[in-house]
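The values are calculated or read from the model by the stated rules, or taken from the named source; none is laboratory data. Note that this is a predicted model, so its numbers are computed, not measured. Glycine also receives a Cβ, built like all others from the backbone with ideal geometry; neighbour counts cover every protein chain displayed. Surface accessibility is based on the protein's heavy atoms, side chains included, excluding ligands, DNA and RNA. Shrake-Rupley method; radii C 1.70, N 1.55, O 1.52, S 1.80 Å.
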Amino acid sequence: MAPREQGEISRAKLIAAMTDVAREKGYHATRIEDVCAAAGVTKGSFFHHFASREDLGLAAAEAWRQNTGTLFAEAEFNHPARPLDRLLGYIAFRRAMLTGPVALYACYAGTVVAETYATDLPVYPVASAAIADHITFIARHTAAALQDCGQPPTRAHALSTFIQCTIQGALILAKAEGDATPALACLDELERHLKHELTPKRRNHDPRQAVLFEEP
């Protein structure tokens, strides 16, 4: 293997390890030694690629933003014709992620934002942008679903923010409980809400009912 290729692999391992360790232990609690051990590389290799833990944390946030954007954009739930089916498919997609240890499905961007929001660390705006990107992505589906059931699509951003808040809160509850049970319950309630809110309301056109309101 060429040295350049080996270097790219080591860098990718460090980024992946930073993401995993920070989701398990917390961003500020993650040490360079923890990341190197998880990545299976030496500290010398670490400092060959990154100047500091903060530098790696930023690279991990940038990778998270790009990779999650691609993951959701290419998912099958984007394809159904009916907008509500796309949103319900999205909820099913998020539900399917809730397997294994909590750290494996925790949100790196959410973890970073929660710990760095009151700082001037460069990682904060990138992690925040990853969350904002996702709200904008979901808003395309919520706007179409609102319009499909006769509601103003101007509510799309607010509804998408509500969806994101529910999911981020669900992930925090999973951490609090140590398993996915409360997160799954949140997604179930979110699904029920979307079905109720976004199913087109049809009037009863039964002519027999109209007779009841005829003038004598």
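No other residue among Leu171, Leu98, Leu104 is at pLDDT below 95 and under 19 Å from Thr68 (Cα atoms) apart from Leu104. Take the conditions out of contact with any strand residue (DSSP E or B) (no Cβ under 9 Å at 6 or more places or on another chain), surrounded by fewer than 21 Cβ atoms within 10 Å (Cβ to Cβ) and modelled with pLDDT of 95 or more and apply them to Ile163. Does it pass? Taking the combined requirement at face value, the residue does not satisfy it. Can you find a residue that is small (Gly, Ala, Ser) and free of Cβ contacts under 8 Å to residues at least 40 places away in the same chain anywhere in the stretch 58-72? No, the conditions are met nowhere in the stretch 58-72. Residues that are of a type outside the set (Gly, Ala, Ser) and buried (at least 16 other Cβ atoms within 10 Å of the Cβ) within the stretch 28-54 comprise Thr30, Ile32, Asp34, Val35, Cys36, Val41, Phe46, His49, Phe50, Arg53, listed in sequence order.
Can you confirm whether Ala127 is in contact (Cβ under 8 Å) with a residue 60 or more places away in the chain and of a type in the set (Gly, Ala, Ser)? When the stated conditions are applied, Ala127 passes them. Kindly establish whether Arg23 is touching a residue at least 24 places away in the same chain (Cβ under 8 Å), open to solvent by 80 Å² or more (accessible area, probe 1.4 Å) and in a helix (DSSP H, G or I). No. Residues that are part of a helix (DSSP H, G or I) and of a type in the set (D, E, K, R) within the stretch 28-40 comprise Glu33, Asp34, listed in sequence order.
Scanning the stretch 41-61 turns up at least one residue that is polar (S, T, N, Q) and either within 30 Å of His193 (Cβ to Cβ) or outside any loop (DSSP other than H, G, I, E, B) (or both).
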